[in-house]
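Please treat every number below as a calculation from the coordinates, not as lab data. Being a predicted model, the structure only gives us computed values, none of them experimental. Virtual Cβ from ideal backbone geometry, glycine too; neighbours counted across all protein chains shown.
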Amino acid sequence: MSSASSHHYIYVGKPAYIKELSQEVGSVSGIYNDLLLSPNLVKTAAFALDIWADVVISPFESISQAANLLKSAGVYWYFHPIENVRRGKLIQEQLRSLPSLESTFPLKKPLPPIGCYTLLDRHTLAYSNKRLKKWPSGHCYFIEDKVNPPNRAYLKLWEALTILDKIPQPNQTAFDLGASPGGWTYVMQALGTKVTAVDKAPLDKKIANLPNVSFLNQSAFALDPTQLDTPIDWLLSDVACYPERLYELVLKWIEAKAAKSMILTIKLQGETDFAMLDKFKALPNARVLHLFNNKHEVTFFYPATDALLLPSL
């Protein structure tokens, strides 16, 4: 039996964006449904839902042999199916049961380290217990709030804040640009943050009437950050606009030093403009990631916390 653990990386993407992920990664030695195998570590790959580092690729003969390989390398393992699904599940049955992966927000307790494995073919196991995301393969599942938020956009912000590993605190301040109908405003208000929602369209009434929510009826792009008396704690935006316009807004707020933390959605339209994405990526101490709850969009973080700068990979 042979194995290699230092020159293989697996990138997990969404099937719809494997082309984009392949372009970011560059050298790809294999594509297996939603997984890319590569000799390159590209930490800035925005379309990676998860990155498995130091991937071990091992031939095996029996289910027990594969299970023992995993047991010797870690405690918890998540099967990422691409083919030979029944065989992979039989291996899973011989491993320790996983804790529940459906999470509350904020997380009541962190998930334990969970490794991921897959079967490249009937007798080839690929696995890693050194990964980017808290959730296995970046597949993020929350216990949803189906009563209070006006739309499902709140899930993006829940995921972003959890990945950032930084939760807004009571009495902090936030601007939610392009806030209507108020999904992101709902998230911040529920955490005790004082939110100013900015939009030409009105908020959902039940959000507008919440304590600590104020409303500015104007364009998100008309707001001048240099006019703020003190920096706000959070600048948020899920506004639909061209990436070029959002980039100009980001530069304006960074230059004014008017927000301590930013989370903004970059809406992609038509063919992905990688030149534009590279401009966002090139901003010092920034990070761009495709979230599990993103559609044809990516999320911009500034400044990136240690959790996003991938020191362990």
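Assorted remarks:
- Computed across segment 217-313, the Kirkwood radius stands at 14.1 Å (inverse of mean 1/r, all Cα pairs).
- Stokes-Einstein diffusion for segment 26-94, with the hydrodynamic radius set to the Kirkwood value over Cα pairs and evaluated at 37 °C in a medium of 0.692 mPa s, equals 238 µm²/s.
- Note on the chain: GNM, Cα springs under 10 Å; of Leu107, Leu70, Leu177, the largest mean-square fluctuation is that of Leu107.
- Only lysine pairs 8 or more places apart, or on different chains, with alpha-carbon atoms under 17 angstrom apart are counted in segment 218-299, and they number 6.
- The chain - mean residue ellipticity at 222 nm from DSSP helices (-39,500 (n - 2.57) per run, n ≥ 4, rounded to 500): -6500 deg cm²/dmol
- Values of log10 I(q)/I(0), in the order q = 0.13 Å⁻¹, for the chain under a Debye, Cα-only, solvent-free model: -0.94
- Debye, to nearest 20: dipole size of segment 9-138, +1 on Lys, Arg Cβ, -1 on Asp, Glu Cβ: 420
- Exposure proxy ranking for His290, His296, based on other Cβ atoms within 10 angstrom of each Cβ and starting from the fewest, stands as His296, His290.
- Part-to-part distance (alpha-carbon centres) for segment 66-106 and segment 253-310, which is given in Å: 32
- In this structure, His139 and Tyr242 have a Cβ-Cβ separation that, at R0 = 45 Å, corresponds to a calculated FRET efficiency of about 0.90.
- Once the C-beta distance of Asp306 and Glu61 is scaled by a Förster radius of 35 Å, the resulting FRET efficiency is 0.25 to the nearest 0.05.
- For segment 9-138, the calculated P(r), taken from all Cα-Cα distances in 5 Å bins from zero up to the bin holding the longest distance, is 2, 11, 22, 22, 20, 13, 8, 2, 0 percent.
- Extension gain, Lys71 back to Thr44 (0.36 nm per residue minus Cα-Cα distance, nm): 6.6 nm
- Were the residues from Thr124 through Lys14 laid out at 0.36 nm apart, the gain over their Cα-Cα distance would be 37.3 nm.
- Compared with the direct C-alpha span, the chain from Leu107 to Leu228 gains 40.3 nm at full extension, assuming 0.36 nm per residue.
- Cα-only radius of gyration and Dmax that characterise segment 97-255, units Å: 18.8, 64
- Placing unit charges on the Cβ atoms only, positive for Lys and Arg and negative for Asp and Glu, gives the chain a dipole magnitude near 660 debye about its Cα centre.
- The mean sequence distance of close C-alpha pairs (under 8 Å, at least 6 residues apart), as a share of the length of segment 148-302, puts its relative contact order at 20 percent.
- For Ile31, Ile254, Ile167, the sequence from fewest to most other C-beta atoms within 10 Å is Ile167, Ile31, Ile254.
- Relative contact order (%) - the chain, alpha-carbon pairs under 8 angstrom, separation at least six: 14
- Dipole size of segment 182-238 about its Cα centre, with +1 on Lys/Arg Cβ and -1 on Asp/Glu Cβ: approximately 240 debye, rounded to the nearest 20.
- Theoretical FRET efficiency, 1/(1+(r/R0)^6), r = Cβ-Cβ of Ser29 and Asn285, R0 35 Å, to 0.05: 0.65
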